[in-house]
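Reading through the structure tokens given below for one structure.
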Amino acid sequence: MAYNPLLTPGDLTWDEVDPRRHPFDPDGAAEAVRALAPARRTPLRPTGHAANSDIIRWSHGAGRDWADEMTLAMVERWGRWTVGWRWAHDEGDYDGGPVGAWCCPRDSISATDPEETLDRIAEALCEWRYWLEDTADRFDQYPLDRMPAEDRQDAWERATVRLVTQVVDRTGGGSGWYGHCRQVLIWFLTRWGVVEETARARVDKAIDGRFLSWTAPKLTLVDDVAERLATSLEADS
């Protein structure tokens, strides 16, 4: 299967992932995953050491193709928000995500039991969904559209510090964690009415390339990013 940019979770917008817009029943997730067409042909990973070159080729070929088919089936069943089920910590299918239940075909597709693989997929999907719901709840704690103007900048700053800290904790601050951090900050701004193009520009300017892989940012850096972002947004208002 050819590379499909629509499957990339880093491109998801808040409208696409907002749990209030996209119903989902986690209690029925395992059964629903098994009802998807690709689940009926769940592959087994070739036996041998995970570092074996043949297994790596299989993972990047047939294994990834099947995982992409599962993702497309999920998108058809629940919506595009589901592509995040494979956004693993560190260097998995997609770099620097919040999901721990899935890594990549090489490490997450069972060599012995297809049911184990499907259980892992359902767990990863629910983990991603819980993260989105938790993120939405955090956004709602800062109802910026209802705040007096004199309170808004302080709220921008406090929210930014809290969101960055939460993403670092969830991703482990590993490889590429800052990509999802940037995305969450953009989601927050668009949730409260900032035009997406403006949100992207302001977040990028505030971070200014200072977040690094395998490094949790110091509090002084997080505070500076928060102050820069809040100040720029107030200047636009």
With angles folded into 0 to 90 degrees, how steeply does helix 149-171 sit against the dominant principal axis of the chain? Use alpha carbons for both and round to 10.
20 degrees
Report the relative contact order of the chain, percent, no decimals, based on alpha-carbon pairs under 8 angstrom and at least 6 residues apart.
20 percent
Any chance you could run the full-extension gain for ASP154 through TRP214? It's 0.36 nm times the residue separation minus the Cα-Cα distance, nm to one decimal.
18.7 nm
Using a 1.4 Å probe on the protein heavy atoms only, what accessible surface does HIS49 show? Give it in Å² to the nearest 10.
140 Å²
Would you compute, for the Cα atoms of the chain, the largest minus smallest coordinate along each principal axis and list the three values in descending order, in whole Å?
60, 35, 28
Just to confirm my numbers, what's the Cα centroid distance between region 184-237 and region 43-110 in Å?
30 Å
Let's see if you can work this out: charge +1 on each Lys and Arg Cβ, -1 on each Asp and Glu Cβ, no other charges. What is the dipole magnitude of the chain about its Cα centre, in debye to the nearest 20?
380 debye
In the P(r) worked out for region 100-160, what percent of Cα pairs fall beyond 16 Å?
60 percent
Go ahead and estimate [θ] at 222 nm for the chain from helices alone: -39,500 (n - 2.57) per DSSP H run with n ≥ 4, summed, over the residue count, rounded to 500.
-17500 deg cm²/dmol
Positive-end extreme of charge dipole, the chain - chosen from PHE188, GLY92, ILE55 (charges on Cβ)
ILE55
Extending each Cα 7 Å along its Cβ direction at ALA201 and HIS60, get the distance between those two points in nm, one decimal.
3.9 nm
Sorted by average packing, counted as other Cβ atoms within 10 angstrom per residue and highest first, what order do 106-114, 68-76 take?
68-76, 106-114
Determine the per residue accessible area of region 140-235 with all protein chains present and a 1.4 angstrom probe, expressed in square angstrom.
49 Å²
Heads up, I need the accessible area for THR42: 1.4 angstrom probe, whole protein in place, Å², nearest 10.
20 Å²
Apportionment of accessible area to carbon and sulfur, region 88-237, percent (1.4 Å)
47 percent
Determine, for each peptide in 131-143, 222-234, the mean count of other beta carbons within 10 angstrom over its residues, then list the peptides with the highest first.
222-234, 131-143
With each label point set 7 Å from Cα along the Cα-Cβ vector, what nm distance links GLU234 and SER53?
6.0 nm
Using every Cα-Cα pair within region 185-237, state what percent have a distance larger than 17 Å.
35 percent
Between ASP11 and GLU31, what is the FRET efficiency for a Förster distance of 25 Å, r being their Cβ-Cβ separation, to the nearest 0.05?
0.30
Using a Förster distance of 25 angstrom, determine the FRET efficiency expected from the C-beta separation of VAL75 and ALA111, and round it to 0.05.
0.35
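The values are calculated or read from the model by the stated rules, or taken from the named source; none is laboratory data. This one's a predicted model, so the numbers in the text were calculated from it and none came from an experiment. All Cβ positions, even for glycine, are placed from backbone atoms using ideal geometry, and neighbour counts span all protein chains on display. For accessibility, only protein heavy atoms count, side chains too; no ligands or nucleic acids. Shrake-Rupley method; radii C 1.70, N 1.55, O 1.52, S 1.80 Å.
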